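The values are calculated or read from the model by the stated rules, or taken from the named source; none is laboratory data. Small disclaimer: the values here were computed from a predicted structure and weren't measured. Virtual Cβ from ideal backbone geometry, glycine too; neighbours counted across all protein chains shown. Just so you know, the surface numbers come from the protein's heavy atoms only, side chains and all, with ligands and any DNA or RNA stripped out. Shrake-Rupley method; radii C 1.70, N 1.55, O 1.52, S 1.80 Å.
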Amino acid sequence: MIRVIDIRERTELMSEAVDYFWKNWGEDSNFHFYRDCIEQSCKAGSDLPRFYLAMRDEQIIGSYALLRSELNSRQDLSPWIACLYVEPAERGKQIGALLQEHAVQQTKEIGYSRLYLGTDLTGYYERTNWKHIGFGYQLDNEQTRVYAYEIED
């Protein structure tokens, strides 16, 4: 059985979670950024950011985060799903869709009616009801696609 856990509720997994997010999304120069962001999110009383792990029998098989902002040029949009990752051996088993559904539910529970993401993928998110709404830019001026998910009441 796959469980999606909030790191705030399983802080004993903090070190493993930091390593997992950094390994899959970071680079050599930003380990401390990931560690600080995840650790501080567990101490904050605010609704965001939040970090989640997909686990099967205490083994991490995927992740995602809910952030206030993920794309610097689109500070007008919030919240964002980021760091969606599924282990290669687990792909094709609907775990990515499960994580997206979980993110939508969490977003709804904390009071938002829309969720955003930035990606260079085409075709994947459209299959799970994301709508392409335009483009944004990374700090390095790289353009990325922006998607929105409308959360129903």
**Asked** Scanning the range 1-39 for residues that are surrounded by fewer than 17 Cβ atoms within 10 Å (Cβ to Cβ), closer than 17 Å to Leu84 by Cβ and among the aliphatic types (A, V, I, L, M), which turns out nearest to the chain's Cα centre (by Cα)?
**Response** Ile5
**Fill in**
All conditions in (1) open to solvent by 30 Å² or more (accessible area, probe 1.4 Å); (2) closer than 29 Å to Gln59 by Cβ; (3) touching a residue at least 60 places away in the same chain (Cβ under 8 Å) are true of Ser73 except (2)
**Message:** For the range 1-50, give me each residue that is assigned to a helix (DSSP H, G or I) and polar (S, T, N, Q).
**Reply:** Thr11, Ser15, Asn24, Ser29, Asn30, Gln40, Ser41
**Request:** Return yes when Arg50 is open to solvent by less than 40 Å² (accessible area, probe 1.4 Å), charged (D, E, K, R) and modelled with pLDDT of 95 or more and no when it is not.
**Result:** yes
**Request:** Determine, yes or no, whether Ser78 is surrounded by fewer than 18 Cβ atoms within 10 Å (Cβ to Cβ), part of a loop (DSSP other than H, G, I, E, B) and not acidic (Asp, Glu).
**Result:** yes
**Message:** For the list (1) modelled with pLDDT under 95; (2) open to solvent by 50 Å² or more (accessible area, probe 1.4 Å), I need the number of the one condition that Cys42 fails.
**Reply:** (2)
**Request:** Quick one: Val86 ticks every box in (1) within 9 Å of the chain's Cα centre (by Cα); (2) over 19 Å from Glu142 (Cα atoms) except a single one, so which number is it?
**Result:** (1)
**Request:** State which residue is nearest to Arg8 (Cα to Cα) when the search covers only the range 81-118 and only residues that are among the charged types (D, E, K, R) and open to solvent by 40 Å² or more (accessible area, probe 1.4 Å).
**Result:** Glu109
**Asked** Is the range 125-133 home to any residue that is within 16 Å of the chain's Cα centre (by Cα), modelled with pLDDT of 95 or more and surrounded by fewer than 19 Cβ atoms within 10 Å (Cβ to Cβ)?
**Response** no
**Item:** Any chance Arg68 is basic (Lys, Arg), over 26 Å from Tyr137 (Cα atoms) and open to solvent by 20 Å² or more (accessible area, probe 1.4 Å)
**Value:** no
**Request:** Determine whether the range 133-148 contains at least one residue that is closer than 22 Å to Tyr34 by Cβ and free of Cβ contacts under 8 Å to residues at least 12 places away in the same chain.
**Result:** yes
**Prompt:** For the range 89-101, does any single residue satisfy the condition of being basic (Lys, Arg), modelled with pLDDT under 95 and at negative phi?
**Reply:** no
